[in-house]
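Right, one structure below, let's go through it.
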Amino acid sequence: MPIVNRVANLHREIKQWRQDFHANPELRYDVHRTAAVVAEKLKSFGCDEVVAGIGRTGVVGVIRGRKAGKKAIGLRADMDALPIEEETGLPYQSTVPGKMHACGHDGHTAMLLGAAKYLAETRNFAGSAVVIFQPAEEGGAGALAMVKDGLITRFGIEEVYGMHNYPGLPLGAFAIRPGSMMAAADHIEIDLQGKGAHAARPHLGIDTILVGAQIITQLQSIVARNVDPLESGVVSICMFQAGQTDNVIPQHAKLRGTARSLKPEIGELLRQRIGEVVEGTARLYGASAKITYTNGYPVVVNQPRATAFAADVAREIVGKDKVDTDIAPVMGAEDFAFMLQERPGAFIFVGNGDSAGLHHPAYDFNDEAIPIGTSYWVRLAETALAGS
Ligand SMILES: [Zn+2]
Ligand SMILES: [Zn+2]
């Protein structure tokens, strides 16, 4: 079975919702308009329960099947946009300066709403489909906030599934892999303290720019010389702030960056070596360093059985040869990982075709992916909740 017929009929409507979300992007937890639209639509579809305010601005809808059954599965979408100035020139371009749906969460939200509408209309399953709309995927750990607010236990969720669009993956294709699929992303913050001096008398100071530059260079030896070449790791310093003018050696410097890995033991190795390299290098030059190392999103780990199941559903929609079940892991991060730490499940990529990349000012979610992603959701729910 390719695209579900009823879903194909809903395409135009879902596309209108998507473009409306696109024109009205909101950041992090401040997704008040989006969450209100989602809750209002879920109610109008006749969901059995609609609960707003989970994890601050998250929304959950519960749809019970008409066959007897107790099982409940979670289907998750994200609602937040990014602080980017849009450059698409589209008729439904962002109406909010400096904010843009550049990660396709507008599409994710619209597709899951479409699935909810279909599932509430047909209810051809046993148990409950729980549709989850989370805030703050982009850096705010909205998934964790919803979990901490009782999402999993309150709705009795036994398995949980997520989906993200993927630029460069052809329209009509899916990609997934069992095990680690997306990286853990930790945050590095380094405050360097040296000794300010006149630029003409460097011997009287401790130059935090030189020390910072050495630290940045030394940090690159960690992935090159401490991580097993067959494993994956990233250490990137992305911010270096020091100095105000051309004739003063600055007393302070601040560096920030990210450390990424696909395995907890590699993550721990990065943390340990970053600490040693930063402190050792600072000491070598007589400076001192304060390191703040914060664990960010964990690794997205797809449970093998749920992954095989999700791949089967995807094949049913787009055909056997369009589902890659061995995509290489990516070093991007996703807070759906927090939900996968609570319950077995799987995260899948759906092709966005040849579009600009995620987080690019010219990116746009591909509306032609709507029937594909929505069909995936509805068949996933109907199959997982087929009953005995
Ligand atoms: Zn993103
Ligand atoms: Zn995203």
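Can you find even one residue in segment 272-287 that is within 16 Å of ligand 2 (Cβ to nearest atom) and open to solvent by less than 60 Å² (accessible area, probe 1.4 Å)?
No, the conditions are met nowhere in segment 272-287.
Counting only residues that are out of contact with any helix residue (DSSP H, G or I) (no Cβ under 9 Å at 6 or more places or on another chain), give me the strands (runs of 3 or more DSSP E) lying completely in segment 226-333 with at least 2 of them.
Those strands (runs of 3 or more DSSP E) span 233-242, 252-261, 288-294.
Give PRO178, PRO167, PRO135 a once-over and let me know the one that is within 25 Å of ALA311 (Cα to Cα) and within 16 Å of ligand 2 (Cβ to nearest atom).
When all the criteria are applied, what remains is PRO167.
Among the residues in segment 151-165, are any within 16 Å of ligand 1 (Cβ to nearest atom), part of a loop (DSSP other than H, G, I, E, B) and not polar (S, T, N, Q)? Give the derivation first.
Here is the first cut: in segment 151-165, the ones within 16 Å of ligand 1 (Cβ to nearest atom) are 162-165.
This time we only want the ones that are part of a loop (DSSP other than H, G, I, E, B), so: none.
Scanning segment 151-165 turns up no residue that is within 16 Å of ligand 1 (Cβ to nearest atom), part of a loop (DSSP other than H, G, I, E, B) and not polar (S, T, N, Q).
Residue pairs, Cβ under 9 Å, 6 or more apart or interchain, first in segment 156-178 and under 15 Å from SER375 (Cβ atoms), second open to solvent by 30 Å² or more (accessible area, probe 1.4 Å) and within 15 Å of ligand 2 (Cβ to nearest atom). List them.
Here the result reads ASN165/SER355; ASN165/LEU358; ASN165/ASN366; LEU171/ASN366; ALA173/TYR166; PHE174/TYR166, each pair linking segment 156-178 to a residue that is open to solvent by 30 Å² or more (accessible area, probe 1.4 Å) and within 15 Å of ligand 2 (Cβ to nearest atom).
For segment 230-257, name all the residues that are free of Cβ contacts under 8 Å to residues at least 60 places away in the same chain and farther than 25 Å from MET331 by Cα.
Of everything in segment 230-257, those that are free of Cβ contacts under 8 Å to residues at least 60 places away in the same chain and farther than 25 Å from MET331 by Cα turn out to be GLN241, ALA242, GLY243, GLN244, THR245, ASP246, ASN247, VAL248, ILE249, PRO250, GLN251.
Among the candidates ALA242, ALA259, which residue alone is within 14 Å of ILE188 (Cβ to Cβ) and open to solvent by less than 60 Å² (accessible area, probe 1.4 Å)?
Step by step, each of ALA242, ALA259 is checked, and only ALA259 is within 14 Å of ILE188 (Cβ to Cβ) and open to solvent by less than 60 Å² (accessible area, probe 1.4 Å).
Restricting to segment 44-79, give me the number of residues that are out of contact with any strand residue (DSSP E or B) (no Cβ under 6 Å at 6 or more places or on another chain) and open to solvent by less than 10 Å² (accessible area, probe 1.4 Å).
1
Looking at (1) part of a helix (DSSP H, G or I); (2) open to solvent by 20 Å² or more (accessible area, probe 1.4 Å); (3) not aliphatic (A, V, I, L, M), which is the only condition GLY89 fails?
(1)
Restricting attention to segment 126-139, which residues are modelled with pLDDT of 95 or more, surrounded by fewer than 20 Cβ atoms within 10 Å (Cβ to Cβ) and not acidic (Asp, Glu)?
ALA126
Test of understanding: among ALA381, ALA314, ALA337, ALA310, which residue is within 16 Å of ligand 1 (Cβ to nearest atom), within 26 Å of ALA116 (Cα to Cα), at pLDDT 95 or above and surrounded by 22 or more Cβ atoms within 10 Å (Cβ to Cβ)?
Selected residue: ALA337, the only one of ALA381, ALA314, ALA337, ALA310 that is within 16 Å of ligand 1 (Cβ to nearest atom), within 26 Å of ALA116 (Cα to Cα), at pLDDT 95 or above and surrounded by 22 or more Cβ atoms within 10 Å (Cβ to Cβ).
The values are calculated or read from the model by the stated rules, or taken from the named source; none is laboratory data. Because the structure is a prediction, the values reported are computed rather than measured. All Cβ positions, even for glycine, are placed from backbone atoms using ideal geometry, and neighbour counts span all protein chains on display. Quick note on the areas: whole protein, heavy atoms, side chains included, nothing else; ligands and nucleic acids left out. Shrake-Rupley method; radii C 1.70, N 1.55, O 1.52, S 1.80 Å.
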